[in-house]
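The next block holds one structure in the form of structure tokens; read it before the comments.
The values are calculated or read from the model by the stated rules, or taken from the named source; none is laboratory data. Just so we're clear, the structure is a prediction, and the values are computed from it rather than from any experiment. Positions of Cβ are backbone-derived with ideal geometry, glycine not excepted, and every protein chain shown enters the neighbour counts. For accessibility, only protein heavy atoms count, side chains too; no ligands or nucleic acids. Shrake-Rupley method; radii C 1.70, N 1.55, O 1.52, S 1.80 Å.
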Amino acid sequence: MKIFRTISELQNWGIPNQNNNIGYVPTMGALHEGHLSLVKHSKNTCKITIVSIFVNELQFAPEEDFEQYPRTLEQDLAKLKHLKVDALFLPLSTEIYKNDFSFLISEKKLSQKLEGLSRPGFFSGVTTIVCKLFNIIQPSFAFFGKKDIQQLIIIKKMVSDLNFNITIVGCETIRESSGLAMSSRNQYLSNEDKKSASLLYKTLVLGKDLLNNFEEVGSVKLQMKTTLENNKKIKIDYISIANLDTLREFKKNVILKNEKAVISAAIFINGVRLIDNIIIE
Ligand code: AMP
């Protein structure tokens, strides 16, 4: 596996021309099976797979966990080598954001909902870095997790609105056996916290079952809220039942048969913020 620390090193590599067949997996490291599933997807789809690890300060608010964010480079390298990744892009922050960097790529609609309401500035941090990394790496395919469904929807929109010639592939969420979605931030949780955290996915499944039984949207949200609040460790940030394409909240009581929906929620456990979602197709 080649490791590139600078943009010029990567671009001088002269990526073997593989007929538009470069797969790219952007990450912030602390790799787990969720990340590795994206890598496997890329390996199965493309001739060349490039992974990046970059903890992007631009998407963290000042009070968030940029400094504490888990950094486990040794283990990450071993996992990527094991999967026979072709190249890892591991830039320094100073390489990505020069002193006079003054640009921001912002989405104006989808990013104003859900995560965007709770984390102002988060999505412009994400779209700016992904846009830069797409320009640097110029992949034909890029792989993102459905675990971060709003991010996936916004990146797809960015590629469409800004005419990137890249196919965005959404990959299924990988979970612990308890149902807890894998996340680098799970490292902040004790075993006891993880047990509580697994209630998040169970509650999403409950929501999906209730909606499939034609329960009213308001009543479903209420039952989900009650279920989560039964656990004293959990503080709810939001529960949403929205259209999968537009992220518009369902106001009508019952979701129509031909509509795709996403139930998503964000909770805090001991100050650790966790998100998850389930799709109804
Ligand atoms: P991150 O390192 O958290 O920025 O995540 C990098 C990529 O991995 C994003 O596309 C995430 O959506 C994806 N990802 C994170 N956790 C999971 C998971 N449990 N299952 C599938 N994909 C995931």
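The single condition among (1) assigned to a helix (DSSP H, G or I); (2) in contact with a strand residue (DSSP E or B) (Cβ under 6 Å, 6 or more places away or on another chain); (3) more than 13 Å from the ligand (Cβ to nearest atom) that residue 139 does not satisfy is (1).
Residues being under 19 Å from residue 234 (Cβ atoms), away from the ligand (no atom under 15 Å from the Cβ), open to solvent by 30 Å² or more (accessible area, probe 1.4 Å) and part of a loop (DSSP other than H, G, I, E, B) are represented in segment 179-193 by at least one member.
So if I check each of 102, 106, which one is free of Cβ contacts under 8 Å to residues at least 24 places away in the same chain, within 25 Å of residue 165 (Cβ to Cβ) and among the hydroxyl-bearing types (Ser, Thr, Tyr)?
That would be 106, the only listed residue that is free of Cβ contacts under 8 Å to residues at least 24 places away in the same chain, within 25 Å of residue 165 (Cβ to Cβ) and among the hydroxyl-bearing types (Ser, Thr, Tyr).
Take the conditions (1) in a loop (DSSP other than H, G, I, E, B); (2) away from the ligand (no atom under 14 Å from the Cβ); (3) crowded, with 16+ Cβ neighbours inside 10 Å; residue 173 misses just one of them, which is (2). Here residue 95 clears all of (1) within 13 Å of the ligand (Cβ to nearest atom); (2) of a type outside the set (Phe, Trp, Tyr); (3) open to solvent by 10 Å² or more (accessible area, probe 1.4 Å) except the condition numbered (1).
As for segment 213-224, it holds no residue that is open to solvent by 50 Å² or more (accessible area, probe 1.4 Å), within 17 Å of residue 147 (Cβ to Cβ) and at pLDDT 95 or above. In this structure, residue 159 does not qualify as open to solvent by less than 40 Å² (accessible area, probe 1.4 Å), outside any helix (DSSP H, G or I) and within 15 Å of the ligand (Cβ to nearest atom). Examine segment 53-64 for a residue that is within 16 Å of the ligand (Cβ to nearest atom), of a type in the set (S, T, N, Q) and surrounded by 13 or more Cβ atoms within 10 Å (Cβ to Cβ), and state whether such a residue exists. Yes, segment 53-64 contains at least one residue that is within 16 Å of the ligand (Cβ to nearest atom), of a type in the set (S, T, N, Q) and surrounded by 13 or more Cβ atoms within 10 Å (Cβ to Cβ).
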